[in-house]
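Here is the structure we will look at.
Read-outs: derived from the displayed coordinates by stated rules, not from any lab. Given the structure is predicted, the values throughout are model-derived calculations rather than measurements. Please note: Cβ atoms are built from the backbone with ideal geometry, for glycine as well, and neighbour counts cover all protein chains shown.
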Amino acid sequence: MESSTSSAPSPSSPAMSAAAPASRASPLRWLAGFGPSGLLGLAVLLFWLLAAAFGPWLLSYSTVATGTSNVFSPISAAHWLGTDYLGRDMLARVIEGARYTVGVALLATVVASGVGTTLALLAAASGRWIDATLSRGLDTLTAIPSKMFALIMVAGFGSSVPMLVATAAIIYVPGAFRIARSLAVNINALDYVTVARTRGEGTLYIMLREILPNIVGPMLADLGLRFVYIVLLLASLSFLGLGIQPPAADWGSLVRENIGALAMGGASVIVPALAIASLTIAVNLVIDNLPGRAARERGTR
């Protein structure tokens, strides 16, 4: 009679050796799940993230040095994107603007989604009194138009980077809260959450172990949408002169500063506008092609 251990695969068996390549290939399969348009959006998004993180330190031109003899100069070998209204290299200014546009918007998005999701988990896992208090309070904040609220905050407290982050986060916390709460309330009513309560698990355990893992996917998609909204909000504030202040710049302020180039056919006003458009379109392409999203949507129909 054969030994009971003879059927177990050895470390060098084909089944074991095939597992390693499969695990190494999983990131490639995950990327393939995006599809062509999703990969295009991912590439553009990655480019702007890298530009925001490392671009300002790799530039050969100063972002503040002026050259009055080259005002609104066209695209050339010396200035790949032309120059702005003070003769500054537009490529350097756009890359510098990416640091503020992408960085401030990303930080505000993470804060808004993090706070909104945390409050939603607390509302869903706690009693009705806490749920009603949080919901009514955030609904009151939603009643104030976002642009008006941003103008009041900036006019009253200035337009420093921390204030812009705080303002954008406060505006979009209620939206993140509503979506996360809707998801969390539905999950909170499921049987396995009831079983967890029956065996004596506390509110924190229910929030972190039973509800949160099941809303991460939808909230990541919502985080991308919040990011697009905040980029557009900050760009509009900067276009009005209430965002990032000179000599620093973001893409909205670059459009405002170089608006005079429209009459001269210069690229200095078009380039930052195209940067805003490319970033927002890229994020939407990534969200629309998230791996597994189409299958989840088919499953809900």
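Tell me the trypsin sites (Lys or Arg not before Pro) within the range 154-259 that lie in a loop according to DSSP and have at most 16 other beta-carbon atoms within 10 Å.
Working: sites: Arg178, Arg181, Arg197, Arg199, Arg209, Arg226, Arg256; in loops: Arg199.
Answer in residue order: Arg199.
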Inset, instruction - Using the Karplus curve 6.51 cos²θ - 1.76 cosθ + 1.60 with θ = phi - 60°, work out ³J(HN,Hα) for each residue of the range 38-55 in order, rounded to whole Hz, and write x for Gly and Pro. - result: x, 5, 4, x, 5, 5, 5, 5, 5, 4, 5, 5, 5, 5, 5, 7, 10, x
Inset, instruction - Using a Förster distance of 25 angstrom, determine the FRET efficiency expected from the C-beta separation of Leu208 and Leu28, and round it to 0.05. - result: 0.20
Legend entry - Charge-dipole axis of the range 53-300 as Lys and Arg at +1 and Asp and Glu at -1 on Cβ define it, positive-most pick from Ala277, Ala166, Ala123: Ala123
Legend entry - Residue-by-residue Karplus 3J(HN,Hα) for the range 209-222, coefficients 6.51, -1.76, 1.60, Hz, glycine and proline x: 9, 9, 9, 4, x, 8, 10, 4, x, x, 6, 5, 5, 5
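How large is the Rg to Rh ratio of the range 53-300 when both quantities use alpha carbon positions and Rh follows Kirkwood? All intermediate terms of the calculation are to be shown ahead of the outcome.
On the way: Rg = 22.1 Å, Rh = 20.2 Å.
Taking Rh as the inverse mean 1/r over Cα pairs, Rg/Rh reads 1.09.
In debye to the nearest 20, how big a dipole does the range 53-300 give about its Cα centre with +1 on each Lys and Arg Cβ and -1 on each Asp and Glu Cβ? Write out the running numbers ahead of the final one.
Values: 16 positive and 13 negative charges, 93 e Å.
Value, rounded to 20: 440 debye.
Can you check what the net charge comes to around Ser236, using other residues whose Cβ is under 13 Å from the Cβ of Ser236 (Lys, Arg +1; Asp, Glu -1)?
Values: positive: Lys147, Arg256; negative: Asp250.
Residues near Ser236 contribute +1 overall.
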Inset, instruction - Could you let me know the centre-to-centre spacing of the range 101-140 and the range 40-58, using Cα atoms, in angstrom? - result: 29 Å
Inset, instruction - Taking amide H positions as placed in the peptide plane 1.01 Å from N, state which residues far from Arg88 in sequence (5 or more) or on other chains have amide H under 5 Å from it. - result: Gly67
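Full-extension gain between Ser236 and Val195, please, as 0.36 nm times their residue separation minus the C-alpha to C-alpha distance.
Numbers: separation 41, 0.36 × 41 = 14.76 nm, distance 4.90 nm.
Answer, rounded to one decimal: 9.9 nm.
All other residues with a Cβ under 15 Å from the Cβ of Thr280 taken together, and with Lys, Arg as +1 and Asp, Glu as -1, what is their net charge?
On the way: positive: Arg226; negative: Asp250, Asp288.
Result for the local shell: -1.
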